[in-house]
Amino acid sequence: YASFGELVAWIIGWDLILEYAVGNIAVAISWSEYFTEFLSHFGIHFPAWLAIDPVTAHNALAHPDKYGGVLEVAQQAFATAPNVGFPIIFNLPAVLITFIVTALLVYGVRESANLNAGLVFLKLGLIALFLFIGWQYVDFAQYWSGPADPANPLGPTKFMPNGWSGIMSGGALIFFAYIGFDAVSTTAEEAKNPQRDLPIGMMASLIVCTILYIAVSAVLTGMVPLGTLAGAKPVADALTAVGRPGIATIISLGASLAFVSVLLVFQYGQTRIFYSMSRDGLLPPVFSKIHPRFRTPVFSTIITGVFVAIPAGLIDINIAAELTNIGTLFAFTLVAAGVLILRYKDPERRRGFRISFVWPVAIGCMAICIYLMTALTRVTWERFGIWLVIGLIIYFLYGAKHSTLRRGGRATFTPGEPETLSPNQAGDLLRDQPPGV
């Protein structure tokens, strides 16, 4: 907003819906597969037609070589689904977990944060368990020099079987795993000492998680052929493939719980973006209305939950992941450009956060993000373009007419005493008022 003006600020806000809300769709789908996998180890089999989305089921039947991990579920779904002129196939667990997370976020931020902290420790324990077990099954000789047959993705593989283009495509897709660090920034207004705490939280978690990402990826791809990892629960599939179903059960249970922390963070971030856009008049006031008891933006939270839940039941995880990645890469590119422009336009502005070597860092960020975006498919770019057009239509029909800045007010980035309050501040104010106020 401060660097580019209102139109680009709207585009970024609209684009970030792809990062958080659509990202959460992919996480919910992955949670569903781990949850149903866990239940199956106890003889509880969720109906196949309620445990997979119709797009994945169709793709698995059309391309069994690429969807080996979910082919059996897809076949069962089409065989058992009720038919009303077309088979009813719906990912019910993904929808249910989204509504549960939405209820938690409506109830309160502090309660959600406490739950999240416990789930993070659980997640770290599961990763350590997988690395300890999986390391024993890595065939290093085959990993580096084993034969690879591009025509047979389920067969033996080796390091970089698809060359640099494969690394590029993988890098563009796996960027999805890094958007949680960006979500930390959305909590700035509710942190006690954001100038100190946010940089520490971002950098420390980035270092730890990157090391873990590399370790898990190396062990996974060294344990089993690539085709085994095609589903949304690759860790459990890999352990089952090497004959460790008991550990796969533990991982599935833990993942079912631990994925809730990811859902909480993404969903939380999206509601705060809606909240901020509403304060600036770009969305209706109801998006920034704070509940007097729960001290949370209830309407934003519920709308986000519905927006995530319905597509989570209907679309392929790959569609959600690719849209999330292109939206995130585009947002990061504009943010990096915005930092440079603001340094040039307003060098004396009071800054709560600063970065050293801003020019090489920001330019390097833009170059890498654009480079990764070029590796995404044409259909992903087309969907992204359609999404931006829809956003611009909404802006010109509503946001441009109701903008706080255009009506003579101040946007929320303006230095000085704020016109509006964060959810915590507003909640404290409401709580201290006499009944009825």
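Sort out which residues of segment 276-294 are in contact with a Ser or Thr (Cβ under 8 Å, 6 or more places away or on another chain), assigned to a helix (DSSP H, G or I), touching a residue at least 40 places away in the same chain (Cβ under 8 Å) and not hydroxyl-bearing (Ser, Thr, Tyr), and write them in order of number.
Once the filter is applied, which keeps residues that are in contact with a Ser or Thr (Cβ under 8 Å, 6 or more places away or on another chain), assigned to a helix (DSSP H, G or I), touching a residue at least 40 places away in the same chain (Cβ under 8 Å) and not hydroxyl-bearing (Ser, Thr, Tyr), segment 276-294 yields only 279.
Provide a single number: the residues in segment 272-294 that are under 22 Å from residue 262 (Cα atoms) and open to solvent by 40 Å² or more (accessible area, probe 1.4 Å).
1
For residue 219, all conditions in the list (1) among the β-branched types (Val, Ile, Thr); (2) free of Cβ contacts under 8 Å to residues at least 24 places away in the same chain; (3) closer than 26 Å to residue 72 by Cα hold save one; what is the number of the exception?
Residue 219 satisfies every listed condition except (2).
So, in segment 218-268, how many residues would count as being among the small types (Gly, Ala, Ser), open to solvent by less than 20 Å² (accessible area, probe 1.4 Å), touching a helix residue (DSSP H, G or I) at 6+ places or on another chain (Cβ under 7 Å) and not in a loop (DSSP other than H, G, I, E, B)?
The qualifying residues number 10.
Go through segment 65-85 and report how many residues are open to solvent by less than 60 Å² (accessible area, probe 1.4 Å) and not in a helix (DSSP H, G or I).
Adding up the residues that qualify gives 6.
Failed condition for residue 192, given (1) at pLDDT 80 or above; (2) assigned to a helix (DSSP H, G or I); (3) open to solvent by 40 Å² or more (accessible area, probe 1.4 Å), with all others met?
(2)
Output yes when any residue across segment 210-217 is at negative phi, more than 17 Å from the chain's Cα centre (by Cα), buried (at least 16 other Cβ atoms within 10 Å of the Cβ) and not in a helix (DSSP H, G or I), and no when none is.
The answer is no, given that none of the residues of segment 210-217 is at negative phi, more than 17 Å from the chain's Cα centre (by Cα), buried (at least 16 other Cβ atoms within 10 Å of the Cβ) and not in a helix (DSSP H, G or I).
Please determine, by comparing only the residues of segment 46-57 that are without any contact (Cβ under 8 Å) to a residue 40 or more places away in the chain and more than 24 Å from the chain's Cα centre (by Cα), which one is surrounded by the most Cβ atoms within 10 Å (Cβ to Cβ).
Of all residues in segment 46-57, those without any contact (Cβ under 8 Å) to a residue 40 or more places away in the chain come to 47-48, 52, 57.
Narrowing the set further to residues that are more than 24 Å from the chain's Cα centre (by Cα) leaves 47-48.
Details: 47: 15, 48: 21.
Only one residue fits best here, namely 48.
Considering 134, 180, 163, which residue is at pLDDT 75 or above, touching a helix residue (DSSP H, G or I) at 6+ places or on another chain (Cβ under 6 Å) and open to solvent by less than 40 Å² (accessible area, probe 1.4 Å)?
None of the other options fit; the residue is 134.
The rows are residues; the columns are (1) at pLDDT 85 or above; (2) on the phi < 0 side of the Ramachandran plot; (3) assigned to a helix (DSSP H, G or I); (4) among the small types (Gly, Ala, Ser).
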residue	(1), (2), (3), (4)
274	yes, yes, yes, no
296	no, yes, no, no
302	yes, yes, yes, no
308	yes, yes, yes, no
344	yes, yes, yes, no
356	no, yes, no, yes
361	yes, yes, yes, no
364	yes, yes, yes, yes
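Please determine whether any residue of segment 307-328 is under 27 Å from residue 92 (Cα atoms), among the aromatic types (Phe, Trp, Tyr) and open to solvent by 40 Å² or more (accessible area, probe 1.4 Å).
Taking every residue of segment 307-328 in turn, at least one turns out to be under 27 Å from residue 92 (Cα atoms), among the aromatic types (Phe, Trp, Tyr) and open to solvent by 40 Å² or more (accessible area, probe 1.4 Å).
The values are calculated or read from the model by the stated rules, or taken from the named source; none is laboratory data. Please read all numbers here as calculations on a predicted model, not as lab measurements. Backbone-built Cβ (ideal geometry, glycine too); neighbour counts: all protein chains shown. We work out accessible area using only protein heavy atoms, side chains counted, and drop any ligands, DNA or RNA first. Shrake-Rupley method; radii C 1.70, N 1.55, O 1.52, S 1.80 Å.
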